[in-house]
Amino acid sequence: MSDDIKNMSGKIDKKKLYSIVGLVIGIIIIFIGIALNYFTKNSLYNGKIADNIFIQGVEVSKMSKEEAIEAIDKKYKPQNLNLSYDKDNYEINFEDIDLKYNTEELVGQAYDSTRTGSYFNDITSYIKIKSEGKKYTIKVTYDEEKLDKNIEQIAKSINQDVKNATVSVGSGISFTPSRTGLKFETEDNKKLITEALNNKKYETVGLKISVTKPKVSTEDVKSIDTRLASFSTTFNSALVERSYNIGLSAQRCNNVILLPGETFSYNEHTGMRVLSNGFLNAPVIISNQYEDAPGGGVCQTSTTLFNAVLLSGLQIDQVRNHSKTSHYVPRGRDAMVNDGDSDLKFTNNFDHAVYIQCYRSGSSVVAAVYGSSQDKVGVNIRVDNFTYNSLPAAKTYRTITKNSKSETSYIYTSVYKE
């Protein structure tokens with residue numbers, strides 16, 4: 001009897017145990033269910049982006065799509081790009097190049113990262129992202145063809161050819177100002193611009209511009225205010241070809257500005273005396289005889305220019321006389337040139353620029369030197385004629401007077417065959 005009671009008691013205890021265990025398991029399941037339901041509603045499918053997600057460094061965790069877009073736009077939003085050179089500013093309007101960020105796309109991806117369609121996959125993704133984090137980078141897009149057109153327009157507004165200052169003489173002496181040459185470096189600047197766009201940096205971009213300074217600046221010519229000297233000779237305009245050569249050579253020596261220290265070469269300015277260089281056949285002295293050859297008459301221009309330079313006080317570097325006495329100037333005052341070693345050269349030894357004017361007027365050729373009144377000097381030319389080996393000869397001297405001080409220098413010796 002007692003054994004039966006014991007067995008019955010044991011069965012009751014097991015039933016109670018099973019009931020308790022079942023109750024506990026049920027409670028656990030209910031708790032888990034409640035927890036999962038809470039997690040699902042408040043963390044997983046709460047209409048917010050999961051924890052530990054960043055878009056271009058902006059944390060968008062627990063934000064709605066709209067909130068995330070607003071947060072990102074505060075820091076990263078397409079803007080106009082400002083460019084500058086010197087004191088000038090330029091702008092590329094982001095709408096003109098269709099500049100866009102894929103912010104909405106990334107926010108959508110971030111939002112959907114824990115919404116794959118599989119509940120267990122979503123939980124796995126959530127746990128992994130919360131532990132390891134997830135980062136997105138904004139992609140920048142724009143219309144490159146439209147960008148190139150914008151850059152081209154900016155380049156056109158900046159580019160300019162270098163221009164030397166010029167001098168003109170009429171009723172007075174006037175000048176046109178110089179201009180610095182500017183070249184927009186398209187390749188370098190496009191690289192700077194695209195880097196700024198791609199990196200979403202909108203600090204003003206300093207443009208790269210190549211600068212070419214004019215050889216003759218406005219300041220150089222401002223000092224030219226007076227005529228230092230002039231000289232003219234006459235010729236027979238009926239000799240058409242010779243007259244033409246005189247006019248052409250004068251034209252090529254006209255409007256020349258010499259800066260301090262610069263040297264003028266007559267041959268460099270006129271070029272070779274050949275038909276292909278525009279000169280005509282006319283009488284020239286060859287082996288002490290007159291023969292027709294290209295450029296006949298150019299020596300009258302060089303002689304006229306030589307005398308103007310001589311009277312101005314500029315430094316004479318190279319001059320040579322003809323073999324025959326010229327009919328248009330006295331002995332010791334001519335300057336023969338040829339395509340060989342004979343040239344007329346002089347240097348601007350003044351403190352300021354000088355302007356050389358040379359032109360034909362009817363049956364005359366005129367040369368003049370203009371410069372600064374501060375460089376104007378008194379000039380006296382003396383020619384000593386003598387005989388050398390039974391040939392007529394002359395020695396030419398120049399006396400320059402400035403500030404009551406005079407200095408005489410030897411110019412050259414001329415020997416003529418007749």
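The values are calculated or read from the model by the stated rules, or taken from the named source; none is laboratory data. Worth saying up front: this structure is predicted, and the values here are computed from it rather than measured. Don't worry about glycine lacking a Cβ; one is built from the backbone with ideal geometry, like all the others, and counts go over all protein chains shown.
A few notes on this one:
- Across the range 54-77, the qualifying residues are those that are surrounded by 16 or more Cβ atoms within 10 Å (Cβ to Cβ) and more than 47 Å from the chain's Cα centre (by Cα), and the one among them that is farthest from K128 (Cα to Cα) is K65.
- Residue among N277, N245, N255, N189 that is within 25 Å of F346 (Cβ to Cβ), crowded, with 16+ Cβ neighbours inside 10 Å and polar (S, T, N, Q): N245
- Leading residue by the ranking (nearest to the chain's Cα centre (by Cα)) among those in the range 179-209 that are within 29 Å of N102 (Cβ to Cβ) and hydrophobic (A, V, I, L, M, F, W, C): L207
- Long-range neighbours under 6 Å by Cβ, at least six apart or interchain, first residue in contact (Cβ under 8 Å) with a residue 24 or more places away in the chain within the range 183-204, second basic (K, R) and in a loop (DSSP other than H, G, I, E, B): E185/K208; N189/K208
- Residues in the range 56-69 that are free of Cβ contacts under 8 Å to residues at least 24 places away in the same chain and either of a type in the set (A, V, I, L, M, F, W, C) or closer than 10 Å to T103 by Cβ (or both): V58, M63.
- Residue count, the range 85-118 (criterion: touching a Ser or Thr at 6+ places or on another chain (Cβ under 8 Å), surrounded by fewer than 17 Cβ atoms within 10 Å (Cβ to Cβ) and not in a strand (DSSP E or B)): 3
- Residues within the range 241-291 that are assigned to a strand (DSSP E or B), among the aliphatic types (A, V, I, L, M) and within 29 Å of S217 (Cα to Cα), tallied: 3
- The residue that is modelled with the lowest pLDDT, counting only those in the range 396-408 that are surrounded by 11 or more Cβ atoms within 10 Å (Cβ to Cβ) and farther than 12 Å from D334 by Cα, is K402.
- The numbered conditions (1) loosely packed, with under 14 Cβ neighbours inside 10 Å; (2) closer than 30 Å to G362 by Cβ; (3) β-branched (V, I, T); (4) within 28 Å of the chain's Cα centre (by Cα) are all true for V221 except (1).
- Restricting attention to the range 119-139, the residues being in contact with a strand residue (DSSP E or B) (Cβ under 6 Å, 6 or more places away or on another chain) and either assigned to a loop (DSSP other than H, G, I, E, B) or surrounded by fewer than 16 Cβ atoms within 10 Å (Cβ to Cβ) (or both) number 2.
- Selection from the range 229-250 of residues that are of a type outside the set (V, I, T) and within 20 Å of S312 (Cα to Cα): A229, S230, F231, S232, A250
- For the range 145-178, a residue qualifies if it is under 24 Å from L207 (Cβ atoms), without any contact (Cβ under 8 Å) to a residue 40 or more places away in the chain and either in a helix (DSSP H, G or I) or in contact with a helix residue (DSSP H, G or I) (Cβ under 9 Å, 6 or more places away or on another chain) (or both), and the qualifying residues are E145, K149, E152, Q153, A155, K156.
- The lone criterion from (1) within 18 Å of L207 (Cα to Cα); (2) out of contact with any Leu (no Cβ under 8 Å at 6 or more places or on another chain) left unmet by N89 is number (2).
- The set of residues in the range 202-231 being of a type in the set (S, T, N, Q) and more than 21 Å from N348 (Cα to Cα) consists of T204, S210, T212.
- Among the residues of the range 295-335, those that are free of Cβ contacts under 8 Å to residues at least 40 places away in the same chain and surrounded by fewer than 24 Cβ atoms within 10 Å (Cβ to Cβ) comprise Q315, Q318, S326, H327.
- The range 339-393, subset of a type in the set (V, I, T) and farther than 28 Å from S237 by Cα, residue nearest to the chain's Cα centre (by Cα): V354
- Of all residues assigned to the range 290-297, at least one qualifies as being farther than 19 Å from A367 by Cβ and touching a Leu at 6+ places or on another chain (Cβ under 7 Å).
- Out of K324, K395, sole residue that is of a type in the set (D, E, K, R), outside any strand (DSSP E or B) and in contact with a strand residue (DSSP E or B) (Cβ under 6 Å, 6 or more places away or on another chain): K324
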